[in-house]
Amino acid sequence: MSDLHKTMRRYVDRGALPGAVALVARRDDVEVVAVGSLDVDGSAPMTRDSIFRIASITKPIVAAALLALVEDGTVGLDDPVAEWLPELEKPVVVRTPAGPVDDVVPAVRPITVEDLLSSRPGWGFPADFTLPAVRALFEVQQDGRFPQSLPDLDTWLAVMSRIPLLHQPGAVWLYNTASDLQGALIARASGRTLPDFLAERLLEPLGMRDTGFEVPPEKRDRFTSAYRPDGAGPLVRTDTPDGAFASAPRFASGAGGLVSTADDWLAFARLLLNGGEANGRRLLSPASVSRMTTNHLTAAQRDAGALFLEGQGWGYGGQVDVTPADPWNVPGRYGWVGGSGTTAHLVPPTGTVTILLTQVAMADPTPPPLMRDFWRCTAGG
């Protein structure tokens with residue numbers, strides 16, 4: 001029994017998880033551990049191809065899709081997003097972050113495509129969730145693990161247009177909202193739905209057959225139930241295989257709306273490790289992959305985002321490690337975590353990919369001991 005298997009088994013045996021799928025790939029050497037069950041009732045064993053709500057590890061996939069549109073020449077990194085999202089043409093900014101939402105000034109410049117990709121449009125979540133402009137954002141940015149609660153795209157954008165920015169475009173890294181805006185931009189600029197565009201440009205060419213925004217009936221026997229800890233007693237079930245993901249959402253969330261499997265996300269990671277080429281096809285240019293996996297934040301922006309980033313950087317759609325704060329923080333490591341209990345990273349210098357999929361939600365933005373034990377167990381090599 002490997003150290004990885006022992007680590008995962010320990011959490012299942014103590015009742016912290018119904019089950020998990022953990023994967024570590026060191027180039028062509030792949031270890032996959034599937035432990036426990038699809039639900040707390042033990043109705044079916046967890047398997048390598050079990051399907052999970054992957055939440056925010058959706059973000060890198062959507063960023064890659066937007067870069068495909070950039071490469072097409074459909075959008076440019078410096079283009080104002082209002083060309084396709086006219087609702088956002090004249091944003092206003094609260095005069096001070098702690099100030100009231102009606103004390104605003106005009107934005108000093110338009111929000112650009114690059115602002116969305118680097119998560120610096122001026123909307124999003126800071127460390128302080130009590131700020132009036134952040135509370136206003138809750139109207140359309142609630143718990144990202146339940147994207148089915150969102151209205152349709154046009155309604156969502158109409159509401160967004162009435163919410164002031166917390167900071168000027170480009171000034172501060174803020175979490176989450178930029179990725180939903182990326183999905184909206186993809187839909188408007190391509191003239192396709194986000195699910196259709198993702199399928200055509202990434203999912204189908206990569207063979208990511210189990211990745212999408214809904215789970216069809218024939219796959220639900222592999223779909224996990226979702227849970228959250230209550231802090232004291234048993235896990236609380238929040239969704240079932242026949243629940244929220246049984247039909248297409250009104251709003252396909254680029255911030256956290258996908259379901260997937262460990263091997264599907266591995267296929268995406270290998271696309272990036274291979275400079276944008278997969279299965280004999282070029283899906284992204286090496287330059288786009290480099291922009292995705294390079295830190296774009298200043299030291300001050302990293303410090304401001306410490307609740308989420310813990311001092312590390314941000315590329316496009318995912319964290320980029322810049323300091324070896326812990327054994328797993330290899331400079332250049334790229335990836336992210338999902339609030340549904342998922343994490344996925346790749347380390348370009350070593351060709352390593354680590355993926356952990358569970359069905360127990362994180363209690364807050366800080367990665368829990370399970371994730372840190374997984375990262376520690378798979379670091380190096």
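The values are calculated or read from the model by the stated rules, or taken from the named source; none is laboratory data. Since the structure is predicted, the reported quantities are computational estimates derived from the model, not experimental observations. Note that we place each Cβ from the backbone using ideal geometry, even for glycine, and neighbour counts take in every protein chain shown. These accessible areas exclude ligands, DNA and RNA; they are computed on the full protein's heavy atoms, side chains included. Shrake-Rupley method; radii C 1.70, N 1.55, O 1.52, S 1.80 Å.
Its Cα gyration tensor gives the range 325-381 an equivalent ellipsoid, and the semi-axes of that ellipsoid, as √(5λ) in whole Å with the largest first, are 20, 11, 10.
For the chain, what does the helix formula give at 222 nm: sum of -39500 (n - 2.57) over DSSP H segments with n ≥ 4, over the residue count, nearest 500 deg cm²/dmol? Estimated from H runs of four or more residues: -7500 deg cm²/dmol. Taking every Cα-Cα distance in the chain and sorting them into 10 Å bins starting at zero, the pair-distance distribution P(r) comes out as 5, 25, 35, 26, 8, 1, 0 percent.
Leaving ligands, DNA and RNA out of it, report the carbon-plus-sulfur percent of the accessible area of the range 1-150 at a 1.4 Å probe. Show your work: numbers first, answer last.
Values: 3200 of 6360 Å².
C and S fraction of accessible area: 50 percent.
For the range 154-260, the ratio of Cα radius of gyration to the globular rule of thumb 2.2 N^0.38 Å stands at 1.29. First check a/c for the range 37-168, with a ≥ b ≥ c the square roots of the eigenvalues of its C-alpha gyration tensor; if it is under 1.5, answer rounded, and if not, answer prolate when a/b is larger than b/c or oblate otherwise. In terms of gyration-tensor shape, oblate.
Shown for the range 159-290: the carbon plus sulfur share of the solvent-accessible area, taken with all protein chains present and a 1.4 angstrom probe, equals 47%. Taken about its Cα centre, the range 97-201 carries a charge dipole of about 160 debye when Lys and Arg each add +1 at the Cβ and Asp and Glu each add -1 at the Cβ. Net length available on complete extension from Asp103 to Glu200 is 30.5 nm, with 0.36 nm assigned per residue and the Cα-Cα distance removed. With a ≥ b ≥ c taken as the square roots of the eigenvalues of the C-alpha gyration tensor of the range 194-318, please select rounded if a/c is under 1.5 and otherwise prolate if a/b is larger than b/c or oblate if it is not? Taking the square roots of the gyration eigenvalues as a ≥ b ≥ c, the range 194-318 is oblate. Placing unit charges on the Cβ atoms only, positive for Lys and Arg and negative for Asp and Glu, gives the range 28-158 a dipole magnitude near 460 debye about its Cα centre.
Each part reduced to its alpha carbon centroid, the range 51-65 and the range 113-129 end up 17 Å apart. Stretching the chain fully between Phe138 and Asp230 yields a gain of 30.9 nm (0.36 nm per residue, less the alpha carbon separation). Legend: P(r) of the range 288-357 from all alpha carbon pair distances, 5 Å bins from 0, whole percents, reading 4, 18, 28, 28, 17, 6, 0. A dipole drawn for the range 218-365 from +1 and -1 charges on Cβ atoms has a positive end, and of Ala255, Gly275, Pro348 the residue lying farthest that way is Gly275. Straightening the chain between Phe129 and Ala246 buys 39.0 nm, computed as 0.36 nm per residue apart minus the Cα-Cα spacing. Per residue, the solvent-accessible area of the chain (1.4 Å probe, heavy atoms of protein chains only, all protein chains present) comes to 38 Å².
Set the Förster radius R0 to 22 Å, insert the Cβ-Cβ distance between Arg14 and Asp49 as r into 1/(1 + (r/R0)^6), and round the FRET efficiency to 0.05. Could you put the intermediate results ahead of the total?
Numbers: r = 26 Å, r/R0 = 1.16.
Plugging the Cβ-Cβ distance into 1/(1 + (r/R0)^6) gives 0.30.
Estimated at the nearest 10 Å², the accessible area of His5 is 50 Å² with a 1.4 Å probe.
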